[in-house]
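My questions all concern the structure below.
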Amino acid sequence: PPTIYRKDYADPTYLVDTVEMGFDLEPSLTRVATRIFMQRNPAGSNNEIVLFGEELELVQLRLNGKVLRAADYKLAGGVLRIPGAPAKVVLEIETTTRPDRNTSLMGLYVSNGNFFTQCEAEGFRKITFFPDRPDVMAKYTVMLRADKKAFPVLLSNGNLIEEGDLPDGRHYAKWEDPFKKPSYLFALVAGNLVCQEEKYRLKSGREVLLQVWVEDGNLDKTQHAMDSLINSIRWDEERFGLELDLDRFMIVAVGDFNMGAMENKGLNIFNTKFVLANPRIATDIDFANIEAVVGHEYFHNWTGNRVTCRDWFQLSLKEGLTVFRDQEFSADMIGTDSGRAVKRIDDVRVLRQAQFPEDAGPMAHPVRPDSFVEINNFYTVTVYEKGAEVVRMYQTLLGRDGFRKGMDLYFERHDGQAVTCDDFRAAMADAGKRDLKQFERWYSQSGTPRVAAGVHYDAKSRTLELTLEQSCPATPGQKKKQPFHIPVAVGLLDSKGRDMPLRLDGEKSAAGDTTRVLELTKARQTFRFTDVAEKPVPSILRGFSAPVVLQYEYSDAELAFLMAHDSDAFNRWEAGQRLATRRLLKLTTAVQAARQSGHVVSFETVLGNQDQDSALSDALRITLRDETLDAAFRELVLTLPSETMIAEQMEVIDPHAIHIARQFMRRTLARDLRDDLLAAYKACGTPGEYSPDADASGKRALKNVALSYLVELDEEEVLTLAQKQNDEANNMTDRLAALGALTNSSAAGKAAALEGFYSEFEKEALVIDKWFTLQATARNADVNTVRTLATHPAFSLKNPNRARSLIFSFCNGNPSAFHALDGNGYAFWAEQVIALNGSNPQVAARLARSLDRWRKYTPALQEKMRHALQQVAASSNLSRDVAEVITKSLS
Ligand code: HT7
Ligand code: ZN
């Protein structure tokens with residue numbers, strides 16, 4: 001398949017003013033009549049109309065009233081070209097599609113008997129022939145016709161302007177969207193749905209209608225999504241002065257969906273996972289995710305819809321910015337400084353766990369990629385999460401007010417347009433009167449920069465020199481990197497752990513702020529602080545001010561000190577993670593050495609002999625006992641870096657050694673902290689009425705992490721606690737935590753607990769997903785467990801949520817079992833990728849990514865992974881999506 005390059009961008013030859021569409025909806029054959037009013041684009045290079053269409057039956061094509069014959073146009077490879085077209089054109093197209101056979105879930109498809117669409121990025125071309133590219137923006141009027149009994153609800157973008165009955169039990173609804181939009185924001189929904197609705201008054205006094213549509217029987221699970229929507233509307237008005245521009249805003253939940261949700265203008269379509277919640281079926285994390293995703297899609301209404309992307313290489317223009325906005329929204333919803341820090345830590349954990357590995361692998365790409373084969377493969381953590389970090393750096397450099405001015409200017413300049421990342425950067429630079437030329441490298445260079453720090457304190461002159469040196473590893477197609485513009489937030493702690501005043505050389509006096517943002521723009525720079533009364537402990541990269549790896553040789557004592565004292569909560573947590581990682585790496589090496597020596601009786605003995613150090617336990621005990629700290633923060637500190645995170649720190653990944661080391665450390669900590677963990681469990685454990693607020697969910701998180709450590713001890717008393725929690729929990733968070741604890745223990749009742757859970761929640765698809773995940777990631781699971789579960793009547797590979805719950809969870813969330821030495825995990829992976837490739841290439845390509853870092857593993861594993869990759873490569877009918885991932889992985 002061909003590669004598409006950013007440098008080849010060309011303006012569209014024709015622009016579209018308005019589009020009129022008529023749908024006769026039938027699951028097995030839907031007729032679509034499209035009328036496109038277009039005119040030649042003065043910036044275009046010729047008079048050829050270019051339309052895209054895939055998997056369509058073309059019934060008729062008329063240009064300015066005249067039927068076109070086959071000789072009048074060219075149709076090949078999904079592109080329809082009409083050469084020599086006049087300046088003004090009315091193009092009428094009749095097509096048919098087969099929604100009930102559409103398993104890719106792109107374009108128009110059927111889920112549980114209802115119609116849905118997914119058009120981003122290039123799904124509209126599966127509905128009709130169209131200049132399906134984001135820089136062609138038009139106004140749409142849509143007529144929907146369908147059987148009234150089977151499809152009583154007919155929805156599309158914008159406002160409902162007419163509805164009524166038709167002969168033969170059919171009915172119609174006509175929708176008009178008053179705003180110009182690109183085709184990827186088109187949506188329709190038709191089916192048997194019910195809604196919760198509320199009227200909401202905007203700050204301006206205008207009243208809007210808000211609706212959350214779900215299948216019958218789910219109305220008891222929509223309140224949280226509705227509340228989240230209202231909070232999002234209010235927040236965007238207050239923080240960014242952005243008002244909802246429509247009179248009606250709808251959210252619709254669908255059980256078959258490739259991603260999280262979609263921001264179609266006025267008609268957001270959501271994966272049920274990010275809508276449906278009540279305490280019985282949803283965990284605290286689900287509640288938080290729903291708030292974030294509802295916010296995210298709503299915020300797209302301005303950052304994405306009103307101002308959209310010129311081309312798909314600019315995807316991060318809307319996604320990075322909107323992720324940043326949803327992160328800020330969630331943080332503001334918690335409201336406290338410590339809550340904000342917890343949110344920041346969560347976000348950075350995602351970045352490090354998923355994006356850093358991507359940036360270091362064969363699929364590494366810049367935030368604004370230069371090329372792609374299949375755009376669906378570029379909805380990545382780099383474009384989203386690293387993109388959000390890039391936006392956050394503007395705010396760090398310009399300040400909150402400066403950033404807001406930049407946003408205001410961006411909308412003033414570009415409302416109603418399709419623009420580029422450079423346009424956004426220009427708005428920030430111009431509003432802030434800053435030179436942000438070098439900042440462009442965050443968009444064009446891939447890879448995670450390293451910042452090595454060194455300090456030199458001179459007691460005599462009371463100066464501290466902080467030297468920062470940056471580098472960036474080579475990535476595919478980019479051997480050499482130029483220096484980035486990196487904001488590095490720094491503080492200095494005195495021997496009592498207090499922040500010291502900060503005065504840089506040349507400044508008259510110390511600034512009031514005890515955190516200073518240093519701007520690292522060269523390969524190496526030294527910053528000199530004066531009036532430094534004593535040798536400080538530096539706190540560097542506070543708040544994770546840039547998406548980089550900070551290299552600084554802290555001693556264990558310094559890390560424990562920062563854990564106890566740093567006023568920057570992020571770095572306080574970070575110090576604990578560094579301390580834990582250091583020990584975990586040592587333990588991992590010890591496992592490898594013991595294994596190599598050949599006579600390991602028990603790793604427990606070997607590791608027990610080598611790990612006598614209590615620095616981590618002591619530091620964690622202090623944190624655990626410190627009730628001035630939020631429970632949510634204490635939970636984060638107690639959570640060890642994941643096996644994936646540890647793997648990232650190793651030259652050669654050895655998943656089994658990592659697993660043994662981490663498990664050993666968990667048992668050691670459980671033993672060392674037993675009484676404190678039990679005390680925390682009891683202190684946080686009073687189940688009152690459920691609320692998903694930050695305080696209550698933080699307490700549950702601390703309680704449940706304590707339980708998960710305690711069950712490592714396999715004591716009767718603790719297992720009884722877990723069983724009791726499983727039996728009595730009044731919410732899914734506690735229930736699932738208890739079930740997980742039991743499953744990973746030797747408790748006699750664990751099989752019964754799993755069965756009981758299934759029968760209690762059999763009708764709740766989202767809960768059954770959790771049931772599959774829990775077993776796929778259980779400590780004693782292996783590929784055979786997963787193979788058996790895949791034959792369960794409730795399992796289906798066709799439903800993306802279900803496939804993710806079992807297959808993806810095993811391949812990505814159970815590293816030691818997936819990377820079994822016999823290679824059976826990889827053989828299973830290959831089978832599943834090939835099977836999914838046939839039904840849903842987009843989901844298949846996501847799964848294909850599980851092996852993309854195969855070269856990082858031990859030689860024995862590498863060999864088996866390569867074999868599995870080659871097996872997929874050799875299979876027939878490989879989609880563009882999967883082929884791109886496999887080819888790049890093997891190259
Ligand atoms: N903008 C949306 C992306 C999306 C998507 C992309 C490809 C295939 C299916 C999809 N569903 C949603 C989601 C978002 O970032 O808000
Ligand atoms: Zn988005």
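How high is the relative contact order of region 765-891, given as a whole-number percent (alpha carbon pairs under 8 Å, six or more residues apart)?
On the way: 143 pairs, mean separation 26.8, N = 127.
Over region 765-891, the number comes to 21 percent.
So what is the calculated 222 nm ellipticity per residue for the chain, using -39500 (n - 2.57) for each DSSP H run with n of 4 or more, over all residues, to the nearest 500 deg cm²/dmol? Mind dumping the intermediate values first?
Working: 29 runs with 354 residues, N = 891.
Rounded to the nearest 500, it is -12500 deg cm²/dmol.
Here's another thing I want to ask about it. Can you list residues whose amide H is under 5 Å from Val307's amide H, if they're 5+ apart or on another chain and H is modeled 1.01 Å from N?
When sequence neighbours closer than 5 places are left aside, the close amide H contacts are Gly416.
Using the Cα centre of region 307-551 as the reference point, and only Cβ charges (+1 on K/R, -1 on D/E), how large is the resulting charge dipole? Debye, rounded to the nearest 20. Mind dumping the intermediate values first?
Values: 36 positive and 34 negative charges, 140 e Å.
Taking the Cα centre of region 307-551 as origin, the dipole is about 680 debye.
Work out the count of Lys pairs in region 765-891 where the Cα-Cα distance is under 28 Å, with the pair 8 or more places apart or on different chains.
Details: Lys770/Lys798; Lys798/Lys864; Lys798/Lys888; Lys856/Lys864; Lys856/Lys888; Lys864/Lys888.
Final tally of qualifying lysine pairs is 6.
With θ set to phi - 60° and the Karplus curve 6.51 cos²θ - 1.76 cosθ + 1.60, what are the ³J(HN,Hα) couplings of region 770-783 in order, to the nearest whole Hz, using x for Gly and Pro?
Going residue by residue, I get 5, 4, 5, 4, 4, 6, 5, 9, 5, 4, 8, 6, 9, 4 Hz, with x marking Gly and Pro.
Right, another one. If we count every other residue with Cβ under 14 angstrom of Tyr14's Cβ, Lys/Arg +1 and Asp/Glu -1, where does the sum land? List each step's numbers first, then the result.
Details: positive: Arg40, Arg81, Lys88, Arg133; negative: Asp11, Asp17, Glu48, Asp132, Asp135.
Neighbour charge sum, excluding Tyr14 itself: -1.
Further, regarding this structure: If we count every other residue with Cβ under 15 angstrom of Asn730's Cβ, Lys/Arg +1 and Asp/Glu -1, where does the sum land? Can you show the working numbers first?
Details: positive: Arg280, Lys699, Arg700, Lys703, Lys724, Arg735; negative: Asp284, Glu689, Asp727, Glu728, Asp734, Glu760.
Local charge sum for Asn730: 0.
Mind checking which lysines have their Cα closer than 22 Å to the Cα of Lys508? Skip sequence neighbours fewer than 8 apart in that chain.
Cα-Cα hits under 22 Å: Lys460, Lys535.
Among Val59, Val194, which comes first, second and so on when ranked by fewest other beta-carbon atoms within 10 Å? Could the numbers behind the result be given before it?
Values: Val59 12, Val194 15.
If I rank by nearby Cβ atoms, fewest first, I get Val59, Val194.
Between the DSSP loop rule and a limit of at most 16 other Cβ atoms within 10 Å, which trypsin sites (Lys or Arg not before Pro) in region 702-768 are left?
On the way: sites: Lys703, Lys724, Arg735, Lys750, Lys763; in loops: Lys763.
Passing both the DSSP loop test and the Cβ count: Lys763.
Next up: Treating only the Cβ atoms of Lys and Arg (+1) and Asp and Glu (-1) as charged, compute the dipole magnitude of the chain about its Cα centre; round to the nearest 20 debye.
Working: 109 positive and 122 negative charges, 444 e Å.
Rounded to the nearest 20 debye, it is 2140 debye.
Continuing with the same structure: Relative contact order (percent) for region 317-391, with alpha-carbon contacts under 8 angstrom and 6 or more residues of separation? Mind showing how you got there, number by number?
Values: 55 pairs, mean separation 39.3, N = 75.
Computed value for region 317-391: 52 percent relative contact order.
Related question: In region 765-891, if every C-alpha pair distance is counted and binned at 5 Å from zero, what percent goes to each bin?
P(r) for region 765-891, in whole percents per bin: 2, 12, 24, 23, 21, 13, 5, 1, 0.
Using a cut-off of 17 Å between alpha-carbon atoms, which aspartates and glutamates can reach Lys481, once sequence neighbours fewer than 8 places away in the same chain are excluded?
Asp359, Asp370, Glu440, Glu469
Might you report the magnitude of the Cβ-based charge dipole of region 765-891 about its Cα centre, with Lys and Arg at +1 and Asp and Glu at -1, to the nearest 20 debye?
260
Here is a follow-up. Just name one of Leu398, Leu673, Ser746: the one whose Cα is farthest towards the positive end of the charge dipole of the chain (beta-carbon charges, Lys/Arg +1, Asp/Glu -1).
It is Leu398.
Of Ala868, Leu202, Leu721, whose Cα points farthest to the positive end of the dipole of the chain (charges on the beta-carbon: +1 Lys, Arg; -1 Asp, Glu; origin at the Cα centre)?
Ala868
Further question: Report the paramagnetic label zone for Ala873: residues of region 361-394 whose backbone N is under 17 Å from a point 7 Å from Cα along the Cα-to-Cβ axis.
Within reach of a label on Ala873: 362-364.
Okay, moving on. Among Tyr857, Tyr394, Tyr758, which comes first, second and so on when ranked by fewest other beta-carbon atoms within 10 Å?
Details: Tyr857 20, Tyr394 27, Tyr758 15.
Least to most surrounded, the residues fall as Tyr758, Tyr857, Tyr394.
Let me ask something else about it. With θ set to phi - 60° and the Karplus curve 6.51 cos²θ - 1.76 cosθ + 1.60, what are the ³J(HN,Hα) couplings of region 853-864 in order, to the nearest whole Hz, using x for Gly and Pro?
For region 853-864, the Karplus curve yields 9, 4, 5, 7, 8, 4, x, 5, 5, 3, 4, 6 Hz.
Which FRET efficiency value, to the nearest 0.05, do you get for Asn780 and Thr336 by plugging their Cβ-Cβ distance into 1/(1 + (r/R0)^6) with R0 = 35 Å?
Values: r = 40 Å, r/R0 = 1.14.
The computed FRET efficiency comes out at 0.30.
Hey, can you grab everything whose amide H is under 5 Å from the amide H of Glu26? Only 5+ residues off in sequence or another chain; H modelled, so Pro and N-termini drop out.
Amide H neighbours of Glu26, under 5 Å, 5+ apart: Arg31.
Now, a different point. Could you work out the relative contact order of the chain? I mean the mean sequence separation of Cα pairs under 8 Å and 6+ apart, divided by the number of residues, in percent.
Working: 1717 pairs, mean separation 71.5, N = 891.
Once normalised by length, the contact order is 8 percent.
Per residue of region 155-161, in order, report the coupling 6.51 cos²θ - 1.76 cosθ + 1.60 (Karplus, θ = phi - 60°) as ³J(HN,Hα) in whole Hz, putting x for Gly and Pro.
Result, ordered by residue: 10, 8, 6, x, 10, 7, 10 Hz.
List every residue whose amide H lies under 5 Å from the amide H of Gln551, counting only residues 5 or more places away in sequence or on a different chain, with H placed 1.01 Å from N in the peptide plane.
Val451, Ala452, Ala453
Turning to a different aspect of this structure: When Lys508, Lys888, Lys535 are ordered from fewest to most other Cβ atoms inside 10 Å of their Cβ, what list results? List each step's numbers first, then the result.
Working: Lys508 5, Lys888 19, Lys535 14.
Ordered by Cβ neighbours within 10 Å, fewest first: Lys508, Lys535, Lys888.
Still on this model: Would you mind checking the pairs Lys180/Lys386; Lys699/Lys724; Lys66/Lys88; Lys199/Lys221 and listing those with alpha carbons more than 21 angstrom apart? Walk me through the numbers on the way to the answer.
Numbers: Lys180/Lys386 29 Å; Lys699/Lys724 18 Å; Lys66/Lys88 14 Å; Lys199/Lys221 19 Å.
Where the Cα-Cα span goes over 21 Å, the pairs concerned are Lys180/Lys386.
None of the figures in this text is laboratory data; all of them are computed from the coordinates on show. It should be emphasised that the depicted structure is a prediction, and the values quoted were computed from it without experimental measurement. Counting neighbours? That spans all protein chains shown, and the Cβs are built from the backbone with ideal geometry, glycine included.
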